[in-house]
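Worksheet for the structure shown next.
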Amino acid sequence: MAEPSPAASPSLLSRVVSLRPGEGALVAWAWLYLFSVFTAYYVIRPIRDEAGVAGGVENLAWLFSGTLVAMMAVNPPFAALVASLPRKRFIGLTYRFFMLNLAVFLVLFQVATGDANVWVGRAFFIWTSVFNLFVVSVFWSFMADLFTNEQGKRVFGFIAAAATVGGIVGSYVTASAVESLGVPALLLGAALLLELGVFASKRLGAIAPALATPAKGVEPAPAADAGTKVIGGGVLSGLTHALSSPYLLNICLYMLLYTILSTFLYFQQAAIVDASFADRAARRVFFARVDFWVNVLTLGAQVFLTGRVTRGLGVPATLTVVPAITAVGFLWLGLAPTVAVVVGFLMLRRSGNFAFARPSREVLFTVVSREDKYKAKNFIDTVVYRLGDQVGAWASSLVAMAGLGTGAIAWAAVPLALAWVANAWWLGRRQETMAAEDRP
């Protein structure tokens, strides 16, 4: 594949994103990298969601518990890779490990029948829930390592649009082809897409030295040889740093509140789909179509609004968009606990997360050390994320066991959402202070 021309790229993208000389090729390869990873994920996401429903909605909390255990098990080996290998090696090894896993599930789905197939589906649910956080976290760690704070504010929103396009393509492929091609063919396609992501990451690392000579007046980028240097540190540094730094600890809190509240909504979605669709293929199509429309709504905002909003309003205001939507949405759900409100709230919140919360959250990591960009960030993006899932899952199950409905969950969520607003604002202000302190 020919390398994108740095000189030509800015002219092609200048209408939607502010690029400086030398950044066009970097953004183009980053875009292909994230597009490949997210297309792969969204190809298999409906398969995962349907497997969770097929295994029994009442068992979802146990699947979330299994996911947390699995996440805690794989985090130290990843930290060991980061500590002992340069970036250009541990990124490829991580993705190919998950490609090998896909090959195993491809075989298992073909040979397992009856109850065995249900258990394979449960294992796949847990594996996919680990996979999606790891592959995306590694990507954004790479971006925080390549781009400066100033660059992140300008280009992260546009780069994040690649995830949205990947989500549209992947969910459309599964919705239209799962019945004709079957699950094994889709898993093979997802593995090939991951290999394309590895290729793009290598090209991105190869041209990254262009960032070492920024335009006049722009803060300097990371060292050109960062991709060949071993980061070092301890296997448990991600945990210890995340819990000892007030800044990183508040990012942990941000993630916990996000995931707890997301899980409340996920359980409502699962219950609705379980009651509405009896056929497994129909459920897969439904999940894929929801993903498709969420990504369509998100794309325009990411391309045309995210960068401008982040630069214009600043990180604090951008970070609080989704927490504020969540507070209002749960209040609305408490007043009118209907199916239409649940689905509408879910779609609006997910779109806001992809368009505003995720890109601005990644900017938070541009001001921390390289070790924290990979280890602490990965710990927060995976273990802390799934811990929030766990709390939300069991809280939802306990509410259901007590005979309380959607309205009760909604009212309980409102104060958590308001606390999230305050936490997001503090983080944004602190990030801007740290960026100013590091500026030459």
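The table that follows gives values for the structure above.
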{"item": "Separation between Cα centres of region 355-398 and region 166-212, rounded to whole Å", "result": "23 Å"}
{"item": "Simple label model, 7 Å out from Cα along Cβ direction - VAL391 to VAL111, nm", "result": "4.2 nm"}
{"item": "Length added when fully stretched, SER18-SER84, from 0.36 nm per residue minus Cα-Cα", "result": "20.1 nm"}
{"item": "Ordering of 177-188, 22-33 by burial proxy (mean other Cβ atoms within 10 Å per residue, highest first)", "result": "22-33, 177-188"}
{"item": "Per residue accessible area in Å² of region 31-179, where ligands, DNA and RNA are left out and the probe is 1.4 Å", "result": "30 Å²"}
{"item": "Neighbourhood net charge (9 Å Cβ-Cβ; Lys/Arg +1, Asp/Glu -1) for GLY205", "result": "+4"}
{"item": "Surrounding net charge for ALA144, when Lys and Arg each add one and Asp and Glu each subtract one, Cβ distance under 10 Å", "result": "0"}
{"item": "Segments 159-169, 198-208 sorted - mean Cβ within 10 Å per residue, highest first", "result": "159-169, 198-208"}
{"item": "Within the accessible area of region 40-195 (1.4 Å probe), percent carbon and sulfur", "result": "70 percent"}
{"item": "Positive minus negative residues near LEU102 (Lys, Arg vs Asp, Glu; Cβ under 13 Å)", "result": "+1"}
{"item": "Amide H contacts under 5 Å for VAL368, placed H, 5+ residues apart", "result": "none"}
{"item": "Ordering of 388-399, 238-249 by packing [mean C-beta count within 10 Å, highest first]", "result": "388-399, 238-249"}
{"item": "Candidate lysines - alpha carbon under 20 Å from LYS229, same-chain residues fewer than 8 apart omitted", "result": "LYS88, LYS202, LYS373, LYS375, LYS377"}
{"item": "Exposure rank, largest accessible area first [ARG358, ARG20; 1.4 Å]", "result": "ARG20, ARG358"}
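The values are calculated or read from the model by the stated rules, or taken from the named source; none is laboratory data. Keep in mind the model is a prediction, meaning the values are calculated, not measured. No Cβ is skipped: glycine too gets one built from the backbone with ideal geometry, and neighbour counts run over all protein chains shown. Quick note on the areas: whole protein, heavy atoms, side chains included, nothing else; ligands and nucleic acids left out. Shrake-Rupley method; radii C 1.70, N 1.55, O 1.52, S 1.80 Å.
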